[in-house]
Amino acid sequence: MLRWFSGRRAISAVFSILLLVIITCIAGIFLYNFVIGTLTNATDSGSVDPFSLHIDNVNMNDTCMAIYVGNRLNHEISVAKVYINDMSRDILNSVEGRVLIAPSSTGIVYVKGPFVAGCSYNIKVIFNSGGSLLSIVRY
């Protein structure tokens with residue numbers, strides 16, 4: 001009977017080690033999913049790739065400038081203000097003082113002139129999030 005009892009103890013030790021390995025693996029999987037989920041949420045909400053927002057093109061005439069702003073983010077952005085040569089300009093197509101640009105699209109911001117042919121213009125587009133874009137165009 002002593003022989004049967006000592007053999008049983010060895011099997012229990014193997015089972016306990018196997019159980020500890022399984023619990024460790026499951027805990028590692030949960031920890032991995034938690035860390036990846038946290039990092040994904042932090043990247044989506046806070047940091048912005050510098051090339052996610054960009055000025056695609058600028059068209060202008062004597063009275064109006066059309067600024068094509070590209071949005072490669074996965075959420076809507078809002079243009080709050082536009083400065084031309086460090087002067088705040090009126091946005092013609094703003095709704096409640098801002099222009100909304102849908103995710104993964106290009107929006108047009110119309111700015112009131114006057115603009116003179118042969119001159120260069122420094123453009124600064126400011127978003128409600130606090131970010132901005134800079135560009136220089138020649139008319």
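Points to keep in mind about this one:
- Failed criterion for Gly130 (all others in (1) in contact with a Phe, Trp or Tyr (Cβ under 8 Å, 6 or more places away or on another chain); (2) exposed (fewer than 15 other Cβ atoms within 10 Å of the Cβ) hold): (1)
- The set of residues in the range 70-90 that are aliphatic (A, V, I, L, M) and farther than 14 Å from Asn128 by Cα comprises Leu73, Ile84, Met87.
- Any hit, the range 96-103, residues being of a type in the set (D, E, K, R), assigned to a strand (DSSP E or B) and at pLDDT 90 or above: no
- Tally, over the range 104-127, of residues that are surrounded by 13 or more Cβ atoms within 10 Å (Cβ to Cβ) and not in a strand (DSSP E or B): 2
- The residues of the range 99-128 that are under 25 Å from the mean Cα position of the chain (by Cα) and over 19 Å from Asp56 (Cβ atoms) amount to a single one, Asn128.
A quick yes/no check of all residues on (1) free of Cβ contacts under 8 Å to residues at least 12 places away in the same chain; (2) among the polar types (S, T, N, Q); (3) farther than 20 Å from Ser52 by Cα:
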residue: Cys64; (1), (2), (3): no, no, yes
residue: Arg72; (1), (2), (3): no, no, no
residue: Gly97; (1), (2), (3): no, no, yes
residue: Pro114; (1), (2), (3): no, no, yes
residue: Gly118; (1), (2), (3): no, no, yes
residue: Asn122; (1), (2), (3): no, yes, yes
residue: Tyr139; (1), (2), (3): no, no, yes
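The values are calculated or read from the model by the stated rules, or taken from the named source; none is laboratory data. Just so it is clear, the model here is predicted, and its values are computed rather than measured. Please note: Cβ atoms are built from the backbone with ideal geometry, for glycine as well, and neighbour counts cover all protein chains shown.
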